[in-house]
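As structure tokens, the structure follows; a few thoughts come after it.
Here, each number is a calculation from the coordinates, and none is a lab measurement. Everything numeric in this text was worked out from a predicted model, so none of it was measured. Quick reminder, even Gly has a Cβ in these numbers, built from the backbone with ideal geometry, and neighbours come from all protein chains shown.
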Amino acid sequence: MPLTATTVEQKKRSEEEKRGMTMPLEGRVAIVTGASRGIGREIALHLAEKGAKVVVNYSSNQGPAEEVASAINNLASSGDGVRAIVCKADVAEPSQVAQLFDTAEHAFGPLHIVVNNAGVTDSKYPTLAQTSDEDWDRIFQVNCKGAFLCSREAAKRVVRGGGGRIINMSSSLVGMPIPGFGAYTASKAAMEMMTRILAQELRGTKITANCVAPGAVATDLFLAGRSKAAVEAVAESSPFERLGKVEDVAPVVAFLASDQGEWVNGQVVRVNGGRV
Ligand code: NAP
């Protein structure tokens, strides 16, 4: 049966709808900080699989960051040239953050999605009373000031792309006063409040600001310095009796980054398998 103009139009629309469902981030440009390893790596790959062009940020491990960018550029859907680049920047340094955003815009044009994922922890100190000034400052500089610096750049620049998303990586430890994680948990608590205020202040910009707060996820950050027994104890304390996987977190970030996530704003989305 010959295709009429109407059926061609219907077919085209349903193909576009299907593509919109599988590639909801097509045409979007994202920066993911700390994307060389762990959760950030998976977020970068996942956003790219959903159609975004991605800037893979790292602070010291260039090799793994290059591998993430190559994996994205080798995706079957990468018909339109380079879809990912790497960019070294310490998120705690204002000039390096500005350079990161300049590099992203220069490579891909206006930005839409900024995922502030880079983070460091402090499990080597049993108590706050034993935490050094240097370690307290470094943890706050990377986790909290880093998210502030990148959010400030995002607020100025994402608006040029017509709006978008700021997604800050908190931790489910906020709300759990567990000894040994004082500086880390305090830095994430500050980040959560900063994000909620940002969401109010960004009124009229079409930019949402949210936190994603994972529970224990099996990455370098979580596993470093923990005994096998300590890891198993955390896993067993979850209703699912397992640790989180990076694949549990990335789709939540992708949803918040999509058009469908617009009505989620100023929130902390806990992704922790129900562990309390
Ligand atoms: P990870 O495996 O240790 O990876 C950390 C990433 O951050 C690496 O890519 C690292 O880059 C980057 N990074 C560190 N300092 C940086 C800086 N100053 N500037 C730019 N990048 C920097 O950590 P993860 O477990 O995936 O954690 C990712 C985020 O999730 C963190 O914010 C963490 O607090 C949060 N989180 C993790 C867990 C968990 O259980 N894993 C739970 C809750 C929240 P290099 O490779 O170049 O060093």
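Assuming R0 = 51 Å, can you tell me the calculated FRET efficiency for the pair Val276 and Gln99, based on Cβ-Cβ distance, to the nearest 0.05? Can you show the working numbers first?
Details: r = 41 Å, r/R0 = 0.80.
Computed FRET efficiency for Val276 and Gln99 comes out at 0.80.
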Which value at 222 nm does the chain reach when only helices count, each DSSP H run of 4 or more adding -39,500 (n - 2.57), with the total divided by all residues and rounded to the nearest 500 deg cm²/dmol? -13500 deg cm²/dmol
Grab the alpha carbons of segment 167-224, take their convex hull, and tell me the volume per residue in Å³. 79 Å³
Take the chain, connect every pair of alpha-carbon atoms lying under 10 Å apart with a spring to form a Gaussian network, then pick out the residue of Thr121, Thr195, Thr208 with the largest mean-square fluctuation. Thr121
Simple label model, 7 Å out from Cα along Cβ direction - Ser227 to Arg152, nm: 4.4 nm
Report, in debye and to the nearest 20, how large the dipole of segment 19-88 comes out about its Cα centre when Lys and Arg carry +1 and Asp and Glu carry -1 on their Cβ. 140 debye
Per the charge dipole of the chain (beta-carbon charges, Lys/Arg positive, Asp/Glu negative, Cα centre), the residue among Val68, Leu202, Ala92 reaching farthest to the positive end is Leu202
Determine the relative contact order of the chain: mean sequence separation of Cα pairs under 8 Å and six or more apart, normalised by residue count, in whole percent. 17 percent
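Give me the number: length gained by fully extending Phe255 to Thr127, i.e. 0.36 nm times residue separation minus the C-alpha to C-alpha distance, one decimal in nm. Walk me through the intermediate numbers first.
Values: separation 128, 0.36 × 128 = 46.08 nm, distance 3.68 nm.
Using 0.36 nm per residue and subtracting the Cα-Cα distance, I get 42.4 nm.
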Given DSSP loops and a limit of at most 15 other Cβ atoms within 10 Å, what is the longest stretch of the chain that contains no such chymotrypsin sites (Phe, Trp or Tyr not before Pro)? 1-239
Any lysines whose Cα falls less than 22 Å from that of Lys156, other than same-chain ones fewer than 8 residues away, would be Lys53, Lys88, Lys145, Lys206
Using Cα pairs under 8 angstrom and six or more residues apart, how large is the relative contact order of segment 55-155, in percent? 28 percent
Please state the charge dipole magnitude for the chain, taken about the Cα centre, from unit charges on C-beta atoms (+1 on K and R, -1 on D and E), reported in debye and rounded to the nearest 20. 500 debye
With the dipole of the chain defined by +1 on each Lys or Arg Cβ and -1 on each Asp or Glu Cβ, the option from Asn57, Ser258, Ile166 whose Cα lies farthest towards the positive pole is Ser258
On each of the three principal axes the extent of the alpha-carbon atoms of the chain, given in whole Å and largest first, is 77, 43, 38
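Using 0.36 nm times the number of residues separating His106 and Glu134, minus their current alpha carbon distance, what extension gain do you get? List each step's numbers first, then the result.
Details: separation 28, 0.36 × 28 = 10.08 nm, distance 3.52 nm.
Length gained, His106 through Glu134: 6.6 nm.
Could you tell me how many cubic angstrom of Cα convex hull volume segment 188-253 has per residue?
Numbers: hull volume 7.3 nm³, N = 66.
Expressed per residue, the convex hull around the Cα atoms of segment 188-253 is 111 Å³.
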With each pseudo-label sitting 7 Å past Cα toward Cβ, what's the Met193-Ala71 distance in nm, one decimal? 3.7 nm
Pick out, from Ser36, Ala104, Leu128, the residue whose Cα sits farthest towards the positive end of the charge dipole of the chain, with +1 on the Cβ of Lys and Arg and -1 on the Cβ of Asp and Glu. Ala104
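So which trypsin sites (Lys or Arg not before Pro) in segment 122-228 pass both tests, a DSSP loop state and at most 16 other Cβ atoms within 10 Å of the Cβ?
Details: sites: Lys124, Arg138, Lys145, Arg152, Lys156, Arg157, Arg160, Arg165, Lys188, Arg196, Arg203, Lys206, Arg226, Lys228; in loops: Lys124, Arg203, Lys206, Arg226.
For trypsin sites (Lys or Arg not before Pro) across segment 122-228 that sit outside H, G, I, E and B with at most 16 neighbouring Cβ atoms in 10 Å, the list reads Lys124, Arg203, Lys206, Arg226.
Relative contact order of segment 105-243: what whole-number percent is it, with Cα pairs under 8 angstrom and at least 6 residues apart? Please list the in-between numbers first.
Values: 190 pairs, mean separation 39.1, N = 139.
Computed over segment 105-243, the figure is 28 percent.
Evaluate the charge dipole of segment 114-156 about its Cα centre and quote only its size in Debye, nearest 20, assuming +1 on the Cβ of each Lys and Arg and -1 on the Cβ of each Asp and Glu.
Using only the charged Cβ atoms, the result is roughly 240 debye.
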What stretch of the chain, leaving out the sites themselves, is the longest with no GluC sites (Glu not before Pro) in a DSSP loop having at most 16 other Cβ atoms within 10 Å? 27-240
